[in-house]
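The values are calculated or read from the model by the stated rules, or taken from the named source; none is laboratory data. Quantities reported herein were computed from a predicted structural model and do not represent experimental measurements. Cβ: placed from backbone, ideal geometry, glycine included. Neighbour counts: every protein chain shown.
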Amino acid sequence: MARSQQVGRGATIVDVAKRAGVSSMTVSRVINGRSGVSAETRAAVEEAIKVLSYTPNVAARNLVNSTELRIGIIYSNASAAFMSEFLTGVFEEASSRGVRLMLLKGEGGRPPPVEAIEDLVASGLSGALLAPPLGEAPDVLRVLRDAGCAMAAVGAYQSPGTICVRIDDRAASYQMTRLLLDLGHRQLGFILGNPDQAASAERMAGFYAAVRETGGVEVQVVQGDFTYGSGLAAAEYLLALPKRPTAIFASNDDMAAAVVSVAHRRHLDVPSELTVAGFDDTTLASTLWPPLTTVHQPVRALAAEALSLLIAEIAAKKGKSRVPREIILDHRIVERQSTGAHLSSPPS
């Protein structure tokens, strides 16, 4: 009797998928009569449903077939400041569109498990919005593409089948580096972002483009990953050098904030003894002391634009209209008190 209850009434779509040896997404396709499933696989799923006495959730099934927009927000970004801005932009746009949001988070800066993404898709998604770095995560993109799910990504570069909304990272980094050089700095430190993100490479390219225009510049580049912790390690290395940089440009505000923290701990005045610049212009940049000179990346607007285009893409599937595949929004340099002119000798 106990076994009967376990097999029958408690069975879920995940149980059916495991028994049939397929994904939850495939089970969902069979239940909803969709194409793209072989006869053999369909038979295996139907057999598992029968053995487990599985009854599909009628409410969920109706949602799959309804016209309600259900957008999955998939993220794993390690920067709480960035994600706060990103989600605010998403929520504001969604509330004005009457969209239902479903959030899926990866832990430790890693993408969510493939099984979790498959289950999210199987619940009846209209489309998925990806926060960086997931717009360039192969496993995430593969699952969504296999499901035929419309996708939009913030901060991604040339991701096939995905709407990409970003800024010109290379130009932004060039302009910030140019500012530091114009302030007279010739000993520069640069902290790279996550090596798996194209934006990191673009920001490094912009940095070097500016450096190459100016003679007599010495550069120290350290790998980071957009986390505060990686910024601490990078700053400790740079500021312990016999000939330390007079200016450090970090690829995001979290790492720049870490540089300021290490500078304070080493009793270095910012900016008279060390200039620091960041990237993003999150709330962290304006609440730090001293307030951070940074690249303003309109994260809220990027997220809202990506969601708007994703909704248009879903609607376009029913007609002939074409949605732009790449949108580049404007950035700007925000000068605050963390940058200053290079002094030939430190203040007395």
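Could you list, in sequence order, the residues of the range 116-150 that are part of a strand (DSSP E or B), touching an Asp or Glu at 6+ places or on another chain (Cβ under 8 Å) and buried (at least 23 other Cβ atoms within 10 Å of the Cβ)? Quick ask: steps written out before the conclusion?
To start, the set of residues in the range 116-150 that are part of a strand (DSSP E or B) comprises 127-130, 150.
Next, from what is left, pick out any that are touching an Asp or Glu at 6+ places or on another chain (Cβ under 8 Å): 127, 150.
Result: ALA150, single match.
Can you list the strands (runs of 3 or more DSSP E) lying wholly within the range 161-276 that have 2 or more residues being surrounded by fewer than 24 Cβ atoms within 10 Å (Cβ to Cβ), within 30 Å of the chain's Cα centre (by Cα) and among the β-branched types (Val, Ile, Thr)?
It comes to 218-222.
For the range 207-260, enumerate the residues that are on the phi > 0 side of the Ramachandran plot and of a type in the set (Gly, Ala, Ser).
GLY216
Only residues that are touching a residue at least 60 places away in the same chain (Cβ under 8 Å) and more than 23 Å from LEU141 (Cα to Cα): list them for the range 73-95, please.
Selection gives ALA81, SER84, GLU85, THR88, GLU92, GLU93.
How many residues are under 23 Å from ALA301 (Cβ atoms) and out of contact with any Lys or Arg (no Cβ under 6 Å at 6 or more places or on another chain) if we restrict to the range 180-223?
Number satisfying all stated conditions: 7.
Somewhere in the range 92-104, is a residue modelled with pLDDT under 90 and among the polar types (S, T, N, Q)?
Yes, the range 92-104 contains a residue that is modelled with pLDDT under 90 and among the polar types (S, T, N, Q).
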